[in-house]
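Some notes on the structure that comes next.
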């Protein structure tokens, strides 16, 4: 991964080392938002995450809360128009770092985002520690640009931090869709199952991962190296 350094560091350079800092994460997949937030907050006790479901909701939070260290926008969520959205936010909040997070974005799409003022482009395939470090660099005034190989296809996780329990093929099919934030009804449609059957699979997965709910299941699965997939 390449890191481009801006001409001058921001006054926030040391903020993430010893004081509270806040990230506004906007992503239309609830489970992905929750999983990322829980993993990053677990890694850094000084970090506080706020979540939005789309660009409009993120803008509404920015109007009422002013203490964000960085805004992180999913590249493919409703209301996101790539470089145009970055430009609009930077015009309104010129000192606020605005980054883009994505499961896939081509190398050709990265340059316009950076030219529009994005503080970085962060692949969702990054491990949680790597993403945390990259966000801190962006908050400090640097621009994070991933290696093109990371953009062409999702990188393999460096090393799952939790073991993946033994799962049937059908349980794996359900699990990747839970991680992607798909509701039971949608999973049932995608897999040709009844909603009751999907609920049974989710309950079984919760037992195998020793968690109490879907959010905890998504978090545990991502920590075990499971990537979100939705048809």
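The values are calculated or read from the model by the stated rules, or taken from the named source; none is laboratory data. A quick note: this is a predicted structure, and the numbers were derived from the prediction, not measured. Please note: Cβ atoms are built from the backbone with ideal geometry, for glycine as well, and neighbour counts cover all protein chains shown.
Out of curiosity, is residue 100 surrounded by fewer than 21 Cβ atoms within 10 Å (Cβ to Cβ) and either in contact with a strand residue (DSSP E or B) (Cβ under 6 Å, 6 or more places away or on another chain) or not assigned by TED's automatic domain parsing to the domain that holds residue 49 (or both)? Reasoning before the result, please.
Working: surrounded by fewer than 21 Cβ atoms within 10 Å (Cβ to Cβ): no; either in contact with a strand residue (DSSP E or B) (Cβ under 6 Å, 6 or more places away or on another chain) or not assigned by TED's automatic domain parsing to the domain that holds residue 49 (or both): yes.
Here the answer is no, as residue 100 does not meet what is asked.
Mind counting the residues in segment 207-231 that are part of a helix (DSSP H, G or I) and either closer than 27 Å to residue 101 by Cβ or in contact with a strand residue (DSSP E or B) (Cβ under 7 Å, 6 or more places away or on another chain) (or both)?
Start the filter on segment 207-231 by keeping residues that are part of a helix (DSSP H, G or I), which leaves 207-209, 214-223.
Then keep just the ones that are either closer than 27 Å to residue 101 by Cβ or in contact with a strand residue (DSSP E or B) (Cβ under 7 Å, 6 or more places away or on another chain) (or both); that gives 209, 214-223.
Matching residues across segment 207-231 total 11.
Tally time: how many residues in segment 8-54 are assigned to a helix (DSSP H, G or I), exposed (fewer than 15 other Cβ atoms within 10 Å of the Cβ) and modelled with pLDDT under 85?
Taking segment 8-54 first, the residues assigned to a helix (DSSP H, G or I) are 15-18, 30-43.
Subsequent filtering for residues that are exposed (fewer than 15 other Cβ atoms within 10 Å of the Cβ) retains 17-18, 42-43.
Pick out the ones that are also modelled with pLDDT under 85 and you get 17-18.
Within segment 8-54, residues that are assigned to a helix (DSSP H, G or I), exposed (fewer than 15 other Cβ atoms within 10 Å of the Cβ) and modelled with pLDDT under 85 number 2.
Out of everything in segment 62-84 that is over 14 Å from residue 28 (Cβ atoms) and under 18 Å from the mean Cα position of the chain (by Cα), what residue ends up being surrounded by the fewest Cβ atoms within 10 Å (Cβ to Cβ)? Write out each step before concluding.
Here is the first cut: in segment 62-84, the ones over 14 Å from residue 28 (Cβ atoms) are 62-71, 81-84.
After this cut, where a residue has to be under 18 Å from the mean Cα position of the chain (by Cα) as well, the list is 68-71, 81-82.
Working: 68: 21, 69: 23, 70: 21, 71: 25, 81: 10, 82: 17.
Among those residues, the one meeting the criterion is 81.
Any chance segment 194-205 includes a residue that's more than 19 Å from residue 27 (Cβ to Cβ) and in a loop (DSSP other than H, G, I, E, B)? Give the derivation first.
Pass one, segment 194-205, residues more than 19 Å from residue 27 (Cβ to Cβ): 194-205.
After this cut, where a residue has to be in a loop (DSSP other than H, G, I, E, B) as well, the list is 194.
Yes, that holds for at least one residue.
Can you list the helices (runs of 4 or more DSSP H) lying wholly within segment 55-167 that have 1 or more residues being modelled with pLDDT of 90 or more? It would help to see each step written out before you state the result.
Values: elements: 55-64, 83-92, 107-115, 128-139, 148-152.
The qualifying helices (runs of 4 or more DSSP H) are 55-64, 83-92, 107-115, 128-139.
Could you please tell me which pairs satisfy a Cβ distance under 7 Å, a separation of 6+ or placement on different chains, a first residue in segment 214-228 that is under 16 Å from residue 163 (Cβ atoms), and a second residue that is at pLDDT below 75?
Matching pairs, first to second residue: 220/162; 223/160; 223/161; 223/162; 224/160; 224/162; 225/157; 225/160.
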